[in-house]
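Down below is the structure, laid out as structure tokens.
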């Protein structure tokens, strides 16, 4: 699938993240990794302003353009601040890096803060398949039972660029296909036990789930119209 590049999208999503102040250590030192800090309130406000600017012209955009605008808002503006936030089974944090957050709350909080009206608590507490069917039209939902990981990944590749929600046996998170690589973004209960963005094919959590429900958020016209309005 050929991606439609929209340069103005990326210009709009840069001001809410800042690199940590200089430490005095040479930048080329491989042992030092700059810490990215996020003004999360600024990120959320930026989404509101951004949507207001796009709403007037929304009906003139093609579907791939709308999909790109929505996906970038979620993946590039809201999600980054949450990476590394601790997981816990009862975690309900609404602020990145403070407290902890469970997998269902992670998904619903991200979507809410990106500007999609939803019942955050109710959806986070129900089964992941129910959450997905509540958000996305049936034609954009696929179910996989006891399939090889390669089959699952190829299906995402065939559907192309965009943002998905995946429900597993006892877990949920986002799938992000950037057109080159497929990522699993989730608040994980294994390994690091925090919010992670990892390559989907290498994810043990994805691989071990016998049942997978995949809903493509960014392809659903009704959801996109709900989001922009």
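Could you please find all residues in region 150-198 being surrounded by fewer than 17 Cβ atoms within 10 Å (Cβ to Cβ) and farther than 19 Å from residue 217 by Cα?
Within region 150-198, 150, 151, 169, 170, 189, 190, 191, 192, 193 meet the criteria.
Anything in region 151-163 that is part of a helix (DSSP H, G or I) and out of contact with any helix residue (DSSP H, G or I) (no Cβ under 8 Å at 6 or more places or on another chain)? List them, or say none. Even if it seems obvious, please write down each step before you answer.
Here is the first cut: in region 151-163, the ones part of a helix (DSSP H, G or I) are 151-159.
If the condition is that a residue be part of a helix (DSSP H, G or I) and out of contact with any helix residue (DSSP H, G or I) (no Cβ under 8 Å at 6 or more places or on another chain), then 151, 154, 155, 157, 158 are the ones that fit.
Can you say whether residue 71 is surrounded by 20 or more Cβ atoms within 10 Å (Cβ to Cβ) and outside any loop (DSSP other than H, G, I, E, B), as far as the supplied structure shows?
Taking the combined requirement at face value, the residue satisfies it.
I'm trying to understand the selection: among the residues of region 99-120, which are outside any loop (DSSP other than H, G, I, E, B) and either under 13 Å from the mean Cα position of the chain (by Cα) or without any contact (Cβ under 8 Å) to a residue 12 or more places away in the chain (or both)?
Across region 99-120, the qualifying residues are 103, 104, 105, 106, 107, 108, 109, 110, 111, 112, 113.
So how many residues does region 135-149 have that are more than 17 Å from residue 220 (Cβ to Cβ) and either without any contact (Cβ under 8 Å) to a residue 12 or more places away in the chain or not in a helix (DSSP H, G or I) (or both)?
Going through region 135-149, the residues more than 17 Å from residue 220 (Cβ to Cβ) turn out to be 144-149.
If we keep only those that are either without any contact (Cβ under 8 Å) to a residue 12 or more places away in the chain or not in a helix (DSSP H, G or I) (or both) too, we end up with 144-148.
The total comes to 5.
List the strands (runs of 3 or more DSSP E) that sit entirely inside region 164-222 and contain at least 2 residues that are in contact (Cβ under 8 Å) with a residue 60 or more places away in the chain and touching a helix residue (DSSP H, G or I) at 6+ places or on another chain (Cβ under 8 Å).
The strands (runs of 3 or more DSSP E) meeting that bar are 172-177, 182-187, 211-216.
So, residue 52, is that one assigned to a helix (DSSP H, G or I) and exposed (fewer than 15 other Cβ atoms within 10 Å of the Cβ) or not?
Numbers: assigned to a helix (DSSP H, G or I): yes; exposed (fewer than 15 other Cβ atoms within 10 Å of the Cβ): yes.
Yes; evaluated as a whole, the condition is true for this residue.
Quickly run through region 55-68 and pick out the residues that are exposed (fewer than 15 other Cβ atoms within 10 Å of the Cβ) and not in a loop (DSSP other than H, G, I, E, B).
55, 59, 60, 63
Residues in region 202-219 that are surrounded by 16 or more Cβ atoms within 10 Å (Cβ to Cβ) and either at pLDDT below 95 or over 20 Å from residue 78 (Cα atoms) (or both): how many?
Of the residues in region 202-219, 7 are surrounded by 16 or more Cβ atoms within 10 Å (Cβ to Cβ) and either at pLDDT below 95 or over 20 Å from residue 78 (Cα atoms) (or both).
Quick one: in region 83-141, which of the residues that are within 24 Å of residue 52 (Cα to Cα) and touching a strand residue (DSSP E or B) at 6+ places or on another chain (Cβ under 6 Å) is surrounded by the fewest Cβ atoms within 10 Å (Cβ to Cβ)?
136
The values are calculated or read from the model by the stated rules, or taken from the named source; none is laboratory data. These figures come from a predicted structure and were not determined experimentally. Every residue, glycine among them, receives a Cβ derived from its backbone with ideal geometry; neighbour counts consider all protein chains shown.
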